[in-house]
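Notes follow the structure.
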Amino acid sequence: MSVSQRPATESVLDVDRLRADFPILQRPMNGRRLAFLDSAASAQKPQCVIDAERECYEQYYANIHRGVYQLSQRSTQSYEAVRRTVQRFINGADGREVVFVRGATEAINLVAQSFVRPRLEAGDEILITGMEHHANIVPWQMVAEATGARLVVAPVLDDGSLDLDGLRERVSERTRFISLVHVSNTLGTINPVEAIVELAHQRDIPVLVDGAQSAPHMPVDVQAMGADFYVFSAHKTYGPSGSGVLWGRLEHLEAMPPYQGGGDMIRTVSFEETTYAPPPQRFEAGTPNIAGVIAMGVGLEYIEAAGRDAIVAHEQSLLGYANERLAEIDGLRVIGTAPDKAGVISFVLDGAHPHDMGTILDMEGVAVRAGHHCTQPLMKRFGVAATVRASFGLYNDRDDIDALVDGLKRVREFFG
């Protein structure tokens, strides 16, 4: 049964209890209950995450590694413990495969420059899809320009699904790397990454999966997925901004040169020669976002405690209900109706600009995203300059959907 056909059943999560964990959701917006429907951009933070970051700074902050005093030891232990949390969260095989970065964008750039660029020659190809975020387009354009390689794009079907036949046709003898999104941040489309990885590996082509939108919303098993790299950001997994994860197969990380040079990524330094630390430290130059990484781990534990399967069921229920309610709005068109879809709905409304819609909805206490969502080529594919996007998190409920629909009815009245 496709997502669009699933019944809009009630949630299995205790959403009232979960909402109480998020201080910002207790704050009225323009005198109304805040309906935060922009988690695809950045999720709100539960009190436990806020407390974890504050506790680090108030109780035991010090720079990590090498310090023999108690504060440094505790900071180091808390920081390194998050690698095990991440390893469990994505079912990685080895904690050394977990590299801490600033976010998914830096992770993709690291792979582009350190793993892919040295392997490219003029005429080689990098394959992506037509639904990629700019962060999974621009880094590949940069390495292609530097090496004479070519960027190849697999098409998107009219319903927002990936054209798998079109992707297969574009895999050639010159394809050296495939990078694709797991869940589209604009369409909500869930791509069949396992099948694509299997296809790629039959030709010995490595694959990166952009998990920025999948890690917060569904179970992730990188071993079952089979990908060579998987990336995600803390700020979408209910953690702080400025932290994220690159997971990579250990054999790849061990073969990759450092992306940046500096402290903590070295084994020895002399003026004549520097030798590098093994992964993951090789890729973590300089003082990291220590408190942010620690709080990221708490955010991942929060997701685990809520239950990954329960989150999927809850957000699918919201998606079904939202589709039913949005059908009440005359002139509203949803962009992206793939059968397998996550809790993201992008839409346009006849006679109303998305930015105007977003402004009116804000006055009604409804927070949505309006714009191109860092997917300008995808906007062009669907013949629109921008959309309104409503995206769900584990703290959303049907009242949020009702507020969205009521606000859109006011938009409809305003613009006639």
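The values are calculated or read from the model by the stated rules, or taken from the named source; none is laboratory data. Small disclaimer: the values here were computed from a predicted structure and weren't measured. No Cβ is skipped: glycine too gets one built from the backbone with ideal geometry, and neighbour counts run over all protein chains shown. SASA here: full protein model, heavy atoms, side chains in, ligands and nucleic acids out. Shrake-Rupley method; radii C 1.70, N 1.55, O 1.52, S 1.80 Å.
One table, with the values for the structure above:
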| read-out | value |
| --- | --- |
| Cα-based shape type of segment 185-268, given that a ≥ b ≥ c are square roots of the gyration tensor eigenvalues and the cut on a/c is 1.5 | oblate |
| Of all accessible heavy-atom area on the chain, the percent that carbon and sulfur account for (1.4 Å) | 49 |
| Among Glu80, Glu169, Glu97, residue whose mean-square fluctuation peaks in a GNM of the chain (springs only between Cα atoms under 10 Å) | Glu169 |
| Surrounding net charge for Val152, when Lys and Arg each add one and Asp and Glu each subtract one, Cβ distance under 11 Å | +1 |
| Local electrostatic count, Gln47, Cβ distance below 12 Å [Lys/Arg +1, Asp/Glu -1] | -1 |
| Separation of the Asp340 and Asp158 label points, Cα + 7 Å toward Cβ, nm | 2.2 |
| Alpha-carbon centroids, segment 40-56 and segment 391-416: separation in whole Å | 26 |
| Potential extension, Ala146-Glu55 segment - 0.36 nm per residue separation minus Cα distance | 28.3 nm |
| Surrounding net charge for Gly299, when Lys and Arg each add one and Asp and Glu each subtract one, Cβ distance under 13 Å | -3 |
| Charged-residue dipole, Cβ positions (Lys, Arg, Asp, Glu), segment 303-416 about Cα centre, Debye nearest 20 | 540 |
| All lysines inside 19 Å of Lys341 as judged from Cα atoms, apart from same-chain residues fewer than 8 positions distant | Lys236 |
| Scattering curve values for segment 70-208, log₁₀ I(q)/I(0), Debye with Cα scatterers, q = 0.10 Å⁻¹ | -0.40 |
| Largest to smallest principal axis extent of the C-alpha atoms in the chain, angstrom | 73, 55, 35 |
| Beta bridges per DSSP with both ends in the chain, % antiparallel, nearest 5 | 60 |
